[in-house]
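Report on the following structure.
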Amino acid sequence: MTSSDKVNVLMVGTGEYTTGYVGGAAADSDKGAGVVALTMFDMRRRGKVERVGMCGVNGKKFPGIRQHMQNCIGNVYADMDLTCETFPADDQVDPKAYVTASGTFTKGDVAIVFTPDDTHFDIAMECIKRGMHVMVTKPIVQSLEHHHKLAEAAKENNVLVAVEVHKRLDPFYADARDRARAGALGDFQYMYAYMSQPKHQLETFKAWAGKSSDISFYLNSHHIDLSEWTLEGIAKPVRVTATASDGVAKEKGMNTEDSITLTVQWENLNESKSLGCAVYTSSWVAPRSDVHSQQRFFYMGSKGEINVDQAHRGCTVATDDNGFGSVNPLFMKYTPTNGKFAGQSSYGVKSFEVFIDACMAINEGKAKVEDYDDGSLATVHTTMKGTAILEAGRLSLDSDGRPMDIIYEDGGVEPTGIKPHEF
């Protein structure tokens, strides 16, 4: 751990969201400059972060990554120090490099994990056991069993462990959540959520798509987290049924679904235990359009409803080079102001900064780990329902669409297991 007013950060993962570097070039998406590394370098510029490390599997990629970050960050924004220790060495390939890398950090330092879904558990556990605070991209893990184990380890080591779900910082989503919780919309009745990415993203994710994860874990996790965050203490998920479409990915040699829909039965925690239904659909075979990612939801309570289209914020840009597009600078403002990075108010940045601020407060003794279980962060202790829904969805798909029941013990509100529904 460094001086109490700063933290050291290890970024685990070197792909699109961390660096914007995919397949030897800038990602063909809205994140060509990356998010995580850019944010950490900017936070170092502003005095919140000190040492920065980056860990991947293939060290041979690092020369290209460094040049990419110089082109997209160093040459674009003033006063950016891109100094970054990298693991493994440039001539090595090591799937366990995170063990060596985390071993060079100490208790109170921070690990930010953006790697394929099936690697999250091992990497997070390694960092937790070293006393590091850990933020993991969604889904934090793929099974309720692993989620419980991470929660136990976090408690034993007194560290903050959270999921990076930046939509909680989106003012549109946050306001919708607060309106639902204020009671004016009544008991939960129905929700429909849709999120997609264009089919060329299958090339970005071909290393793991259909092998270690699917589109539901990757994209449905966003709106499932919104539901869990919104309905905490109000309703709980009790049954999940999954359906899917396929064909496009399989034609590309990827044995995975194109789109996945999870239908989730929620039980309101009121006297009547009334039921609500949520339908979450995600896809990675959408056509190119005016946005990289379509994302929207409709929420209806017994007394009101709300619609949010997160893809269209009323701002469009057209250029000779890139044509027409709807842009969302609320997520990431890449355009510099007076030569400097000016995206600090963007919720893509704030999602990390609020976590870093929390870690500093804990290290300084100004806050306790459990203080952040109040919904201000998506902590490992408050996100188990989301993991249960996602795992149950996968189990349902693998059982030809059989519904899966989420188990609670002794009238509790935290899931303890999943079992096939008995008709």
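The values are calculated or read from the model by the stated rules, or taken from the named source; none is laboratory data. Please read these numbers as outputs of a predicted model, since none were measured by experiment. Every residue, glycine among them, receives a Cβ derived from its backbone with ideal geometry; neighbour counts consider all protein chains shown. These accessible areas exclude ligands, DNA and RNA; they are computed on the full protein's heavy atoms, side chains included. Shrake-Rupley method; radii C 1.70, N 1.55, O 1.52, S 1.80 Å.
PRE reach from Ser272 (point 7 Å along Cα→Cβ): which of region 183-208 fall under 20 Å by backbone N?
Correct set: 183-191.
Where Lys and Arg each count +1 and Asp and Glu each count -1, what net charge lies around Leu169 among other residues with Cβ under 11 Å from its Cβ? Write down the numbers at each step before the final one.
Values: positive: Lys167, Arg168, Lys350; negative: Glu164, Asp170, Glu353.
Surrounding charge for Leu169 is 0.
Run lengths n ≥ 4 of DSSP H only: what is the helix-derived mean residue ellipticity at 222 nm for the chain, with -39500 (n - 2.57) per run over all residues, to the nearest 500? Could you put the intermediate results ahead of the total?
On the way: 12 runs with 116 residues, N = 423.
So the calculated ellipticity at 222 nm is -8000 deg cm²/dmol.
Under a GNM of the chain (C-alpha, springs under 10 Å), which listed residue has the highest mean-square fluctuation: Ala392, Ala244, Ala367?
Highest fluctuation among the options: Ala367.
How much of the accessible area of the chain, in percent, comes from carbon and sulfur atoms when a 1.4 Å probe is used?
Values: 8580 of 17390 Å².
On the chain, the fraction of accessible area on carbon and sulfur atoms equals 49 percent.
I want the local charge near Asp398. Using Cβ-Cβ distances under 12 Å, sum +1 for each Lys or Arg and -1 for each Asp or Glu among the other residues. Please report the intermediate quantities before stating the final value.
Details: positive: Arg394, Arg402; negative: Asp214, Glu257, Glu391, Asp400.
So the surrounding residues net to -2.
Within region 283-299, find all residues whose amide N lies under 13 Å from a label point positioned 7 Å from the Cα of His312 along Cα-to-beta-carbon.
Residues 290-291, 294-297 fall inside that zone.
If I model a spin label as a point 7 Å beyond the Cα along the Cα-Cβ vector, how far apart are those points for Glu152 and Lys60 in nm?
4.1 nm
How much length is gained on full extension from Thr335 to Thr104, taking 0.36 nm per residue of separation minus their Cα-Cα distance? Could the numbers behind the result be given before it?
On the way: separation 231, 0.36 × 231 = 83.16 nm, distance 3.47 nm.
Length gained between Thr335 and Thr104: 79.7 nm.
Could you work out how far helix 36-45 tilts from the main Cα principal axis of the chain, as a 0 to 90 degree angle to the nearest 10?
Its long axis makes an angle of about 50 degrees.
Kindly report the accessible area of the chain per residue (heavy atoms of protein chains, probe 1.4 Å, no ligands, DNA or RNA), in Å². Each step should come with its number before you reach the end.
Values: 17390 Å² over 423 residues.
For the chain, the per-residue accessible area is 41 Å².
Which entries of Lys48/Lys129; Lys61/Lys96; Lys385/Lys419; Lys155/Lys419; Lys155/Lys211; Lys206/Lys250 have Cα-Cα distances beyond 21 Å here?
On the way: Lys48/Lys129 24 Å; Lys61/Lys96 16 Å; Lys385/Lys419 14 Å; Lys155/Lys419 27 Å; Lys155/Lys211 32 Å; Lys206/Lys250 11 Å.
The pairs that break the limit, which is 21 Å between Cα atoms, are Lys48/Lys129; Lys155/Lys419; Lys155/Lys211.
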